[in-house]
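As structure tokens, the structure follows; a few thoughts come after it.
What follows draws every value from the coordinates through simple rules; no lab data is involved. Only a predicted model underlies this, so the values are computations on that prediction, with no experimental measurement involved. Cβ: placed from backbone, ideal geometry, glycine included. Neighbour counts: every protein chain shown.
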Amino acid sequence: MRNLSTASADGFGEVPRLDSRALRSALGQFATGVTVVTTRDRNGDFVGLTANSFGALSLDPPLIVWSLRLSSGNLRAFQDVERFVVNVLTDSQVDISRLFASSTPDKFGSVAHAENQYGLPFLHGAAAWFECRRVSQQVAGDHCLFIAEVEHFANADGAPLLFHGGAYFTLGSRL
Ligand SMILES: Cc1cc2nc3c(=O)[nH]c(=O)nc-3n(C[C@H](O)[C@H](O)[C@H](O)COP(=O)(O)O)c2cc1C
């Protein structure tokens, strides 16, 4: 590991500046599921993006975490609203993952979805859904970290879509 210099990250003091390509590659060894986080912005428009920073944080109370790049065009929407939905994708939804990671303008136009009691979109065919209310947001480095309480959830039978080393995978054999 190369430690070239130090830089200040908001609230995190001096942190080592590492080779970012190597770091990205090492982080890519951590296989994750894939989610699309959706909400409705102040103007009433649906917004959503692909995110694999999602994680379980606490069971009692039920809390989840995810993070959003500060340079994201979706940042304002998610900082403004209190509620959002985390849609956990199945391995038959790789096109949806690609769509919601793109800059395509009307992402919801081609994706089957419905609305929850708050009018927030959730995607048909997902492996699980978590309807969340934000309890904290904090800038951490170049991302905004959201912690949210799970108000409602549901899950289905589909196999999860996996992401590893910059590529998509399906679940392998059970060990
Ligand atoms: C598998 C995968 C996971 C991603 N996870 C995140 C994430 O956790 N947070 C994030 O800010 N962007 C993540 N992205 C990138 C966003 O999906 C992408 O930048 C966004 O949809 C494009 O809109 P924006 O540029 O306005 O953010 C991910 C992309 C992919 C393909």
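Pairing residues of the range 54-73 that are assigned to a loop (DSSP other than H, G, I, E, B) with residues that are polar (S, T, N, Q) and near the ligand (Cβ under 10 Å from one of its atoms), at Cβ distances under 7 Å and at least 6 apart in sequence or on separate chains, gives Phe54/Thr35. So which residues in the range 156-170 are assigned to a loop (DSSP other than H, G, I, E, B) and either within 12 Å of the ligand (Cβ to nearest atom) or surrounded by 11 or more Cβ atoms within 10 Å (Cβ to Cβ) (or both), if there are any at all? Answer for the range 156-170, where residues must be assigned to a loop (DSSP other than H, G, I, E, B) and either within 12 Å of the ligand (Cβ to nearest atom) or surrounded by 11 or more Cβ atoms within 10 Å (Cβ to Cβ) (or both): Ala156, Gly158, Ala159, Leu161, Gly165, Gly166, Thr170. Selection over the range 82-124 of residues that are buried (at least 17 other Cβ atoms within 10 Å of the Cβ), among the aliphatic types (A, V, I, L, M) and part of a loop (DSSP other than H, G, I, E, B) gives a count of 3. With respect to being within 12 Å of the chain's Cα centre (by Cα) and loosely packed, with under 15 Cβ neighbours inside 10 Å, Gly55 fits the description. Each residue in the range 58-110 was checked for being among the small types (Gly, Ala, Ser), away from the ligand (no atom under 14 Å from the Cβ) and closer than 22 Å to Ala127 by Cβ, and 3 pass. Scanning the range 16-47 for residues that are over 17 Å from Phe163 (Cβ atoms) and within 11 Å of the ligand (Cβ to nearest atom) turns up just one, Val47.
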